[in-house]
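Here is the structure we will look at, set down as structure tokens.
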Amino acid sequence: MFMTMEKVRTMVFLSVCLSVMTSLCQGQRSPYNNQLDETNLGLTTRELVEALQSALGDSDTLSLSVEKKASVIPRCDVGERCAMKHGPRIGRLCDCLRGTACNTFFLRCY
């Protein structure tokens, strides 16, 4: 119990000291740092947006990748090949109809 009270007292003392030091040293910032904060590199919000748009370029490539990810997987009939094996991984080619499942050994809908 004594060790716990001592630890609590130590933590309170350190936090009070840290708070006092932080408040005292707040006014001790160098003039160089103040100049950087005030100028903000001289860019407005509109200029930043224009720079970001020019850096990203045209948005056609972005929209194509989003459309490709959102594409619907085609349906497979029973007995059709529904998957492909790439080493230890199995890639799906199509989705089996309701009531059937893709057999991972034969890689066909059954």
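Could you tell me whether Leu41 is part of a helix (DSSP H, G or I), open to solvent by 100 Å² or more (accessible area, probe 1.4 Å) and at pLDDT below 85? Step through it out loud before you land on a result.
On the way: part of a helix (DSSP H, G or I): yes; open to solvent by 100 Å² or more (accessible area, probe 1.4 Å): yes; at pLDDT below 85: yes.
Here the answer is yes, as Leu41 does meet what is asked.
So which residues in segment 84-108 are hydrophobic (A, V, I, L, M, F, W, C), within 30 Å of the chain's Cα centre (by Cα) and in a strand (DSSP E or B), if there are any at all?
Within segment 84-108, the first condition is being hydrophobic (A, V, I, L, M, F, W, C), and the residues that meet it are 84, 90, 93-94, 96-97, 101-102, 105-107.
Restricting the remaining residues to those that are within 30 Å of the chain's Cα centre (by Cα) gives 90, 93-94.
Answer for segment 84-108, where residues must be hydrophobic (A, V, I, L, M, F, W, C), within 30 Å of the chain's Cα centre (by Cα) and in a strand (DSSP E or B): just Ile90.
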Out of Leu14, Leu56, which single residue is within 27 Å of the chain's Cα centre (by Cα) and at pLDDT 70 or above?
Leu56
Just one of the numbered conditions (1) modelled with pLDDT of 75 or more; (2) of a type outside the set (S, T, N, Q); (3) open to solvent by 70 Å² or more (accessible area, probe 1.4 Å) is not true of Leu36; which one?
(1)
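The values are calculated or read from the model by the stated rules, or taken from the named source; none is laboratory data. Every value quoted in this text rests on a predicted model; they were computed, and no experiment measured them. Quick note on the areas: whole protein, heavy atoms, side chains included, nothing else; ligands and nucleic acids left out. Shrake-Rupley method; radii C 1.70, N 1.55, O 1.52, S 1.80 Å.
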